[in-house]
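Following: one structure in structure tokens, then a few remarks.
The values are calculated or read from the model by the stated rules, or taken from the named source; none is laboratory data. Quick caveat: nothing in here was measured; it's all calculated off a predicted structure. Backbone-built Cβ (ideal geometry, glycine too); neighbour counts: all protein chains shown.
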Amino acid sequence: MAMWLISVPAWGTRYIALATRLTLPSLAAALARTALPHLVVIHTDDAAAFGPYPSGLNVEFREPSDAAGYAKYYLAHQEVVASSRKGEFVSLLPGDCVVSVEFFVACERRFAQGKKAVATLGNRTLSSTRPPIGAAARALMDWSLDNLHPISWENIWGSGKTMLPSIVYFMDAQSIVMHSFNYGIVAFAHDGRDMTFKFTHDHDLPGRFTRAEVHVVTDADELAIVECSGAAKPFPIQDVTFGVQDVADWARAQANSEWNRYFFAQPFVLWGEDSGISRVPVAQILATLDALQDETPAQIDERSMRGLRRKIANNERRGARYSLEEIEDGIAYHVLEAREQGRK
């Protein structure tokens with residue numbers, strides 16, 4: 001039977017507060033638009049802390065795994081996927097997000113057209129300002145652009161200094177266009193195939209589908225999702241504005257699958273009309289990344305040194321000081337790590 005099975009991991013005081021204040025109310029508003037039944041599965045260490053959740057929301061609490069760090073998050077998603085059945089629609093969401101009111105019906109529309117999965121991602125915003133609940137996609141997207149997190153500001157092409165360019169924003173007077181290596185599968189229609197995946201929904205889960213089966217959201221009027229983070233969330237930046245080589249180096253080490261490169265090539269127009277501002281730099285980034293696929297040992301060493309210089313600069317900006325011996329040890333480790341990656 002068709003139904004929605006929705007995974008929302010949320011543990012710890014902060015994330016439970018965000019889930020109860022933002023995520024669950026937005027899910028309730030969006031689920032009210034669909035005729036399908038649903039079950040929201042919440043992996044948490046404190047079910048009692050959720051208190052009364054929105055009327056009409058069907059919730060099941062489960063214990064999270066004992067894994068440390070981010071593994072606990074993706075293991076919760078994996079457990080829900082493993083328990084899903086053929087014919088169900090499955091949605092994998094973080095516990096600190098808000099979805100637009102048409103989120104589920106927009107996914108259902110794509111499934112009716114023959115798509116098996118929907119891929120998108122959300123702008124990171126400041127959790128100190130409450131997003132609109134039950135808002136249409138365009139209104140939620142506009143709100144997110146007005147409340148971008150400092151992390152997102154550092155990912156703007158031409159001015160940002162991020163060391164984590166998984167997302168790059170291109171802006172001019174006509175448009176704001178986003179490109180990202182890490183689109184997540186936020187919903188899929190279970191057709192009975194093996195849906196086992198090892199890491200996160202934006203890592204190897206896309207590989208369970210063909211490109212023709214995945215709808216990539218590139219229109220801010222279709223559906224929207226935003227992530228809500230505290231202002232103090234740390235992020236590494238470098239001393240200079242990031243450019244083509246920085247993005248390609250990062251992607252070669254962190255987001256180098258065919259799916260990553262395919263996703264990055266898709267322009268997501270967040271505001272205005274696509275003026276083409278991203279076409280040349282994106283083509284240059286992808287061409288540079290392609291050239292890094294067959295590196296000589298000397299080129300691998302050179303890339304590793306670029307990465308090490310960025311890390312040292314970021315750590316020193318935060319107050320760290322290094323001896324010559326520590327730097328030499330770092331060089332040896334970085335070169336070895338890059339050479340191991342170069343063999344993959």
Top-ranked residue in the range 236-283 [being over 25 Å from ASP142 (Cα atoms) and polar (S, T, N, Q); ranked as surrounded by the most Cβ atoms within 10 Å (Cβ to Cβ)]: ASN260
Is it true that SER84 is within 23 Å of TRP11 (Cβ to Cβ) and in contact with a Gly (Cβ under 6 Å, 6 or more places away or on another chain)? no
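Every residue, every condition in (1) at pLDDT 95 or above; (2) outside the structural domain of LEU18 (by TED's automatic domain parsing); (3) in a loop (DSSP other than H, G, I, E, B); (4) among the acidic types (Asp, Glu), yes or no:
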{"residue": "LEU223", "(1), (2), (3), (4)": "yes, no, yes, no"}
{"residue": "CYS228", "(1), (2), (3), (4)": "no, no, no, no"}
{"residue": "ALA231", "(1), (2), (3), (4)": "no, no, yes, no"}
{"residue": "VAL247", "(1), (2), (3), (4)": "yes, yes, no, no"}
{"residue": "ASN256", "(1), (2), (3), (4)": "no, yes, yes, no"}
{"residue": "GLN266", "(1), (2), (3), (4)": "yes, yes, yes, no"}
{"residue": "VAL269", "(1), (2), (3), (4)": "yes, yes, no, no"}
If VAL226 satisfies all but one of (1) more than 21 Å from LEU22 (Cα to Cα); (2) surrounded by 14 or more Cβ atoms within 10 Å (Cβ to Cβ), what's the number of the condition it fails? (1)
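Where in the range 12-105 are there strands (runs of 3 or more DSSP E), lying wholly inside it, with at least 2 residues that are within 26 Å of ARG124 (Cβ to Cβ)? I'd like the intermediate steps shown before the answer.
Working: elements: 38-43, 59-62, 89-92, 97-99.
Qualifying strands (runs of 3 or more DSSP E): 38-43, 89-92, 97-99.
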Please determine whether any residue of the range 169-189 is at pLDDT below 95, under 23 Å from SER229 (Cα atoms), within 16 Å of the chain's Cα centre (by Cα) and in a strand (DSSP E or B). yes
Does the range 143-161 contain at least one residue that is farther than 23 Å from PRO54 by Cβ and of a type in the set (Val, Ile, Thr)? yes
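LEU145: touching a strand residue (DSSP E or B) at 6+ places or on another chain (Cβ under 8 Å) and either touching a residue at least 12 places away in the same chain (Cβ under 8 Å) or buried (at least 17 other Cβ atoms within 10 Å of the Cβ) (or both), yes or no?
Yes; evaluated as a whole, the condition is true for this residue.
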Could you list all residues from the range 1-11 that are touching a strand residue (DSSP E or B) at 6+ places or on another chain (Cβ under 9 Å) and either part of a strand (DSSP E or B) or surrounded by fewer than 16 Cβ atoms within 10 Å (Cβ to Cβ) (or both)? ALA2, TRP4, LEU5, ILE6, SER7
When the range 189-211 is checked residue by residue, the ones that are surrounded by fewer than 17 Cβ atoms within 10 Å (Cβ to Cβ) and closer than 24 Å to ALA137 by Cβ are ARG211
